[in-house]
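What follows is one structure encoded as structure tokens, with my remarks underneath.
Bear in mind that the values in this text are calculations on the coordinates, not laboratory data. What you see is a predicted model; the values in this text were computed from it and never measured. Here Cβ is always computed from backbone atoms with ideal geometry, including for glycine, and neighbour counts include all displayed protein chains.
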Amino acid sequence: MSCGQIDLKGYLLGEISHEDRRAVEAHAAACAACREELERLRLTQGLLKSLAEEEIPQRIAFVSDKVLAPGWWARLWQSGPRLGFAAAALLAAAILVHALVRPPVIVEPPAPDQAAIEAIVERELARRLDDAVARAAAVWEAREAERRAQLLRQVREEFEMRRREERAQIEQAFEVLHKRLNVMHLASAWRAEER
């Protein structure tokens, strides 16, 4: 069954038959993409269920209602002369504050300590280098572990294949021996009857 034939939404909402549910579960167990999509759908469904239900409004407000009338702040900003007066007052206050505030005294910073800067740079460089080495070592160890696991799987598969071949050979040899033993047994029985 291909991914396009799977109805994950119907499965999640319980809208499909029992046989289709089993088919979807079997496909999801084998297909990582469908399994991730099913998890996303479950998460979305859970989030939607967690939303609180809101009550429907009892009445619709009209433009003439006092509820929609602008407040005093909105009426102030809608007036052109009032807005111009507020801007002029703000500009005058800014000029007054600028005139009263003295310019800051600029202090020359001391010369930097080269030895301290170099020590800080060395520590940061050593920290970053240690982090990079640790990350590289972790990546290498993960790759080696994967390689060892793959080699172990290959050896086990080869061992199992050899074991099956040897078992088949032993069973064939046993059948041949069994047939020979039966022939010998029959031959000895005939000879005993002839005597």
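Of note:
- Charge context of residue 113, other residues only, Cβ under 15 angstrom, K/R +1, D/E -1: -1
- Here the chain is assigned +1 on the Cβ of each Lys and Arg and -1 on the Cβ of each Asp and Glu. Its dipole about the Cα centre then comes out at about 240 debye.
- Furthest towards positive pole of dipole, 16, 41, 5, structure part region 1-49, Cβ charges: 41
- Packing-based exposure ordering (other Cβ within 10 Å, fewest first) of 185, 18: 18, 185
- Compared with the dominant principal axis of the Cα atoms in the chain, helix 114-194 is inclined by about 20°.
- For the chain, cysteines whose Cβ has no other cysteine Cβ within reach (under 4.7 Å): 3
- Karplus-derived 3J(HN,Hα) values for region 84-94, using 6.51 cos²θ - 1.76 cosθ + 1.60 with θ = phi - 60°, are x, 5, 5, 5, 5, 5, 5, 5, 5, 5, 5 Hz; glycine and proline are entered as x.
- Electrostatic dipole magnitude of region 113-195 [Cβ: Lys, Arg +1; Asp, Glu -1; Cα centre; debye, to 20]: 740 debye
- Taking Cα atoms only, the orientation of helix 18-30 departs from the longest principal axis of the chain by about 80 degrees.
- Listed values (1) 381; (2) 168; (3) 111, entry calculated as volume of the Cα convex hull per residue in Å³: (1)
- Cα shape, region 113-195, gyration tensor, a/c 1.5 rule: prolate
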